[in-house]
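See below for the structure under consideration.
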Amino acid sequence: MPALAVDWTYIAQNFFSEIVLRGVWMTLQLSVIGMALGILLGTLFALARVSRQPVLRGASLGYIWFFRGTPLLVQIVFWYFALPQAWPSWAPWNGQLSPFQTGILALAINEGAYMTEIVRAGIQSVDPGQMEAARALGMTHRLAMRRIILPQALRVIIPPTGNEFIAMLKNSSLVSLISVRELFLVAKLQYSSTLLYFEWLIIASGWYLILTTIGSVFQFWLEHRYGAASFGPGAGRRWLSFGAKE
Amino acid sequence: MTDPAPGPLLQLEDVHKRFGRTEVLRGITMSVAEGEVVAILGPSGSGKSTLLRCINHLERVDSGRVLFEGRLVGYRDKGGRLVEAPEAEIARVRARIGMVFQRFNLFPHLTALGNVMEAPVHVLGLSRDEARQRAAAVLERVGLGSKLDAYPAQLSGGQQQRVAIARALAMQPRLMLFDEATSALDPELVGEVLAVMRDLAAAGMTMIAVTHEMGFAAEAARRIIFMDEGVIQEEAPPAQFFSAPATERARQFLRRVSRP
């Protein structure tokens with residue numbers, strides 16, 4: 001059997017090299033910030049989606065329709081190249097947004113569309129009697145959402161959000177197209193000059209696996225702490241309290 | 001009270017409500033005085049619960065008006081035309097009207113104490129310490145002083161409903177609405193909830209109770225309102241209603257409920 005012509009020593013030597021670690025750090029930043037903003041956007045658009053205002057509902061639907069219906073790759077390129085071309089007068093596009101910032105923007109807005117549906121499903125999974133009881137106590141819709149509905153919706157929201165984060169870690173490689181030096185672009189630049197495709201893709205994939213594994217463990221922990229855990233003794237302390245003083 | 005409103009605490013004038021093509025309330029006019037206990041009886045589907053939900057504007061009335069403390073509930077009168085009031089205004093009225101639901105609707109992510117403290121802190125703006133004291137006191141009053149830290153899932157149906165009553169009482173409402181508060185309970189748990197309701201009535205709380213408990217209606221209520229097909233068929237003191245109902249519908253209804 002012919003031996004694989006792979007330089008394992010090269011992989012080991014470069015796995016923790018500074019250039020790789022910088023790429024890992026970039027991927028992590030893109031994913032974590034993109035995800036955090038995506039959750040924020042998703043929550044806002046989900047609240048719009050279940051509101052009584054037809055305009056808000058329409059805006060939310062339009063947002064989901066567009067950003068879930070077009071490829072993330074196209075959106076990334078669009079934000080970075082197409083929009084400044086079509087709309088040169090808007091200063092932020094005029095060289096003020098870095099590729100990194102544009103990448104986060106693209107990832108967050110795309111993620112927000114998926115998170116909108118996830119948060120909406122969570123909100124709608126809560127018994128309507130909860131909203132009625134809250135309103136009968138004199139709570140406004142907004143207060144009831146924050147204090148009563150969203151904390152209960154978390155049970156349904158957390159598991160798919162974990163999936164989204166794992167997907168985000170991998171999707172962040174797409175911003176290599178606008179020259180953000182994240183993990184994949186680092187590998188790509190290296191294999192282009194060294195022609196060691198196999199070695200560099202092993203290094204990149206190894207790191208993606210490490211990151212997604214950490215993400216999965218974090219998801220598992222979150223689910224047990226806030227999600228799958230049933231309401232019961234000690235549950236109160238485990239619940240995220242929105243705006244509570246305790 | 002800044003304005004000692006003369007006249008009834010609650011007044012309904014020709015209230016109509018429809019769901020789609022079904023007219024559920026077909027012109028309800030009634031009033032409730034401060035301190036009065038009113039039981040609303042009637043066959044299922046007669047519009048009793050809808051009527052109760054119109055009082056605190058959980059349902060919008062299609063025509064007619066609801067007045068609480070002499071003021072319109074849920075609407076503003078703009079030159080004779082009624083326009084729905086801003087949310088905050090409706091919420092302020094609701095904060096003064098307690099409501100107890102058939103299915104309790106306790107907040108499952110909060111303890112009994114948390115359930116009761118929630119609105120005093122976030123609606124009335126009480127400090128957590130004040131709210132905790134008040135919540136502990138009302139829970140004590142409904143006999144649950146030892147269950148402050150229990151979650152709804154750890155309580156029996158009767159205990160849950162008593163927490164729900166405490167939750168409403170902690171807002172110090174001027175009017176309490178009970179929407180079939182004992183209908184979802186196992187028979188052996190009905191008594192403890194009715195006992196709390198009787199105590200409240202005896203303490204002078206103004207109450208409107210939609211109920212199927214004839215014993216409670218006969219003993220605790222000062223007045224019976226009998227509804228059928230979206231209208232008030234009959235209104236009488238309990239003694240008179242149960243011994244000599246004026247309408248044939250009421251007689252039929254009583255025959256069915258008193259003889260299982």
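Residues are listed down the side, and each one gets a yes or a no for (1) surrounded by 16 or more Cβ atoms within 10 Å (Cβ to Cβ); (2) under 24 Å from the mean Cα position of the chain (by Cα); (3) modelled with pLDDT under 90; (4) closer than 30 Å to B:Pro152 by Cα:
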site	(1), (2), (3), (4)
A:Leu154	yes, yes, no, yes
A:Ser173	yes, yes, no, no
A:Leu177	yes, yes, no, no
A:Gln190	yes, no, no, no
A:Ser205	no, yes, no, no
A:Gly234	no, no, yes, yes
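Consider the range B:110-142. How many of its residues are without any contact (Cβ under 8 Å) to a residue 24 or more places away in the chain and facing chain A (nearest Cβ under 9 Å)?
4
Only one residue in B:Ala170, B:Ala166, B:Ala201, B:Ala209 is away from every other protein chain (no Cβ under 14 Å), touching a residue at least 40 places away in the same chain (Cβ under 8 Å) and touching a helix residue (DSSP H, G or I) at 6+ places or on another chain (Cβ under 6 Å), so which one is that? Full working, then the answer.
Details: B:Ala170 fails: away from every other protein chain (no Cβ under 14 Å); B:Ala166 fails: away from every other protein chain (no Cβ under 14 Å); B:Ala209 fails: touching a helix residue (DSSP H, G or I) at 6+ places or on another chain (Cβ under 6 Å).
After ruling out the rest, the residue left standing is B:Ala201.
For the range B:90-101, does any single residue satisfy the condition of being more than 17 Å from the chain's Cα centre (by Cα), within 11 Å of chain A (Cβ to nearest Cβ) and of a type outside the set (A, V, I, L, M, F, W, C)?
Initially, the range B:90-101 is screened for residues more than 17 Å from the chain's Cα centre (by Cα), giving none.
Within the range B:90-101 (the criterion being more than 17 Å from the chain's Cα centre (by Cα), within 11 Å of chain A (Cβ to nearest Cβ) and of a type outside the set (A, V, I, L, M, F, W, C)), the answer is no, since none of the residues qualifies.
Could you give every pair whose Cβ atoms fall below 6 Å, whose first residue belongs to the range B:58-76 and is more than 14 Å from every other protein chain (Cβ to nearest Cβ), and whose second residue is part of a loop (DSSP other than H, G, I, E, B), counting only separations of at least 6 or pairs across chains?
Matching pairs, first to second residue: B:Val66/B:Val73; B:Glu69/B:Ala5; B:Gly70/B:Ala5; B:Tyr75/B:Ala85; B:Arg76/B:Ala85.
Of the conditions (1) assigned to a helix (DSSP H, G or I); (2) more than 14 Å from chain B (Cβ to nearest Cβ); (3) over 17 Å from the mean Cα position of the chain (by Cα); (4) of a type outside the set (S, T, N, Q), A:Arg147 fails just one. Which one is it?
Checking A:Arg147 against (1) assigned to a helix (DSSP H, G or I); (2) more than 14 Å from chain B (Cβ to nearest Cβ); (3) over 17 Å from the mean Cα position of the chain (by Cα); (4) of a type outside the set (S, T, N, Q), the one that fails is (2).
Kindly evaluate A:Ile149 against the criterion of being closer than 15 Å to A:Thr43 by Cα and either touching a residue at least 12 places away in the same chain (Cβ under 8 Å) or surrounded by 19 or more Cβ atoms within 10 Å (Cβ to Cβ) (or both). Walk me through how you get there before you give the answer.
On the way: closer than 15 Å to A:Thr43 by Cα: yes; either touching a residue at least 12 places away in the same chain (Cβ under 8 Å) or surrounded by 19 or more Cβ atoms within 10 Å (Cβ to Cβ) (or both): yes.
When the stated conditions are applied, A:Ile149 passes them.
Given the options B:Leu52, B:Leu82, B:Leu106, B:Leu67, name the one that is over 18 Å from the mean Cα position of the chain (by Cα) and either surrounded by 16 or more Cβ atoms within 10 Å (Cβ to Cβ) or not acidic (Asp, Glu) (or both).
One residue alone meets the criteria, B:Leu82.
Quick one: which of A:Leu61, A:Leu47 is out of contact with any Phe, Trp or Tyr (no Cβ under 8 Å at 6 or more places or on another chain), in a helix (DSSP H, G or I), surrounded by 14 or more Cβ atoms within 10 Å (Cβ to Cβ) and touching a residue at least 40 places away in the same chain (Cβ under 8 Å)?
A:Leu47
Taking B:Ile28, is it surrounded by 15 or more Cβ atoms within 10 Å (Cβ to Cβ), more than 13 Å from every other protein chain (Cβ to nearest Cβ), under 13 Å from the mean Cα position of the chain (by Cα) and at pLDDT 95 or above? Steps first, answer last, please.
Working: surrounded by 15 or more Cβ atoms within 10 Å (Cβ to Cβ): yes; more than 13 Å from every other protein chain (Cβ to nearest Cβ): yes; under 13 Å from the mean Cα position of the chain (by Cα): no; at pLDDT 95 or above: yes.
Spelling it out, it is not the case that B:Ile28 is surrounded by 15 or more Cβ atoms within 10 Å (Cβ to Cβ), more than 13 Å from every other protein chain (Cβ to nearest Cβ), under 13 Å from the mean Cα position of the chain (by Cα) and at pLDDT 95 or above.
I need a count of the residues in the range A:107-131 that are within 14 Å of chain B (Cβ to nearest Cβ) and surrounded by fewer than 18 Cβ atoms within 10 Å (Cβ to Cβ).
The number of residues fulfilling the criteria is 4.
Go through the residues of the range B:164-178 one by one and say whether even a single one is surrounded by fewer than 24 Cβ atoms within 10 Å (Cβ to Cβ), touching a strand residue (DSSP E or B) at 6+ places or on another chain (Cβ under 9 Å), of a type in the set (D, E, K, R) and closer than 27 Å to B:Arg92 by Cα.
Among the residues of the range B:164-178, at least one is surrounded by fewer than 24 Cβ atoms within 10 Å (Cβ to Cβ), touching a strand residue (DSSP E or B) at 6+ places or on another chain (Cβ under 9 Å), of a type in the set (D, E, K, R) and closer than 27 Å to B:Arg92 by Cα, which makes the answer yes.
The values are calculated or read from the model by the stated rules, or taken from the named source; none is laboratory data. Just so it is clear, the structure is predicted and the values come from calculations on it, not from any experiment. For neighbour counting, all protein chains shown are included, and Cβ atoms are generated from backbone atoms with ideal geometry for every residue, glycine included.
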